[in-house]
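Colleague: Quick one: structure below, then a few questions.
The values are calculated or read from the model by the stated rules, or taken from the named source; none is laboratory data. As the structure is a computational prediction, the values presented were derived from the model and not from experiment. Cβ coordinates were reconstructed from backbone atoms using ideal geometry, including for glycine residues, and neighbour counts include every protein chain displayed. Keep in mind that these areas ignore ligands, DNA and RNA; they rest on the heavy atoms of the full protein, side chains included. Shrake-Rupley method; radii C 1.70, N 1.55, O 1.52, S 1.80 Å.
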Amino acid sequence: MSINPLLATPWKVVNELRRLALLPYARAYFALHGVRWQAGWKVYGCPLIQRHAGSSIELGERLQLRSWFGSNPLGVNHRIVLATWAAGAEIRIGNQVGLTGTTLCAETAIHIGDRVRIGANSMVADSDFHPIDIAERRANPKGGVSRPIAVEDDVFIGMHVLILKGVTIGQGSVVGAGSVVSHSVPPGVVVAGNPARIIRELEPA
């Protein structure tokens, strides 16, 4: 006996109705923060946008942003955060990218390629925010080191992952849930752990 898809997953219907009701406000919210709306976006709850004067946030087509708790069965701890913390900082996201409760915080640059999936409640931050050295931290508490981050096409990042400054994640690689990525990852591998290490290589697409 087949079940009508709408009856089988009624929460998806509710999410879509909420998304459509939000649409005019969401478009105005992005415009207010200087972020251009693109074709095919699906925004399930507005993110928190903090754009520093003189910085840029550019998001590609067919983007999916999930900030509502009920928009993902893994749960969303907080809404998506898109933050640039310095003039000249960049957040650039390619086409067909999906984010769920993700934090992107750029003091220099965070570049994310096409068809990237970032699991629930992960964080990408290109800065230490505060110096490691005690004397430096006392003299300049906001003087942490910052280096750009790049996530290449077709990368899949599991939930609750932390990606730190200066990291590049190569095309098609997978980052296991709960990992801390402090060093660059080559293309076509699975990494996991704290710090993340290569677990195995993937077959070419």
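Colleague: How large is the helix-only mean residue ellipticity at 222 nm for the chain, computed as the sum of -39500 (n - 2.57) over DSSP H runs with n ≥ 4, divided by its residue count, in deg cm²/dmol to the nearest 500?
Modeller: About -5000 deg cm²/dmol.
Colleague: Might you work out the accessible area of ASP128 for me, using a 1.4 Å probe with all protein chains in place, and round it to the nearest 10 Å²?
Modeller: Only protein atoms counted, so the area is about 50 Å².
Colleague: Ok, one more. Starting from 0.36 nm per residue, how many nanometres of slack lie between ARG117 and VAL14 once their C-alpha separation is accounted for?
Modeller: 34.8 nm
Colleague: Suppose R0 equals 41 Å. What FRET efficiency, 1/(1 + (r/R0)^6) with r the Cβ-Cβ distance, do GLU136 and ALA177 give to the nearest 0.05?
Modeller: My answer for the efficiency is 0.75.
Colleague: Quickly work out the LEU23-to-ILE198 label distance, labels modelled 7 Å from Cα along the C-beta direction, and quote it in nm with one decimal.
Modeller: 4.6 nm
Colleague: Given the whole protein assembly as supplied and a 1.4 Å probe, what does the accessible area of ARG200 come to in Å², nearest 10?
Modeller: 140 Å²
Colleague: Going highest first, how would you order 120-126, 102-108, 50-56 by mean Cβ packing within 10 Å?
Modeller: 102-108, 120-126, 50-56
Colleague: Moving to a separate point now. As a test of the definition: which semi-axes, in Å, follow for region 54-149 when you take the square root of five times each eigenvalue of its alpha carbon gyration tensor? Largest first, please.
Modeller: For region 54-149, the semi-axes come out at 28, 16, 10 Å.
Colleague: May I pose another question? Note the angle between two axes, namely the Cα long axis of helix 10-32 and the longest principal axis of the Cα atoms of the chain, as a number of degrees from 0 to 90, rounded to the nearest 10.
Modeller: Taking Cα atoms only, the helix is inclined about 50 degrees.
Colleague: With both partners inside the chain, how many of the DSSP beta bridges are antiparallel, as a percent to the nearest 5?
Modeller: Rounded to the nearest five, the antiparallel share is 10 percent.
Colleague: Out of (1) 46, 35, 34; (2) 73, 34, 27; (3) 67, 44, 26, which label holds the value of Cα extents along the principal axes in Å that was computed here?
Modeller: Among (1) 46, 35, 34; (2) 73, 34, 27; (3) 67, 44, 26, the one derived from this structure is (3).
Colleague: Tell me the relative contact order for the chain as a rounded percent, counting alpha carbon contacts under 8 Å between residues six or more apart.
Modeller: 11 percent
Colleague: Multiply the residue separation of GLU58 and ALA39 by 0.36 nm, subtract the distance between their alpha-carbon atoms, and state the gained length in nm to one decimal.
Modeller: Here the segment from GLU58 to ALA39 would lengthen by 5.5 nm.
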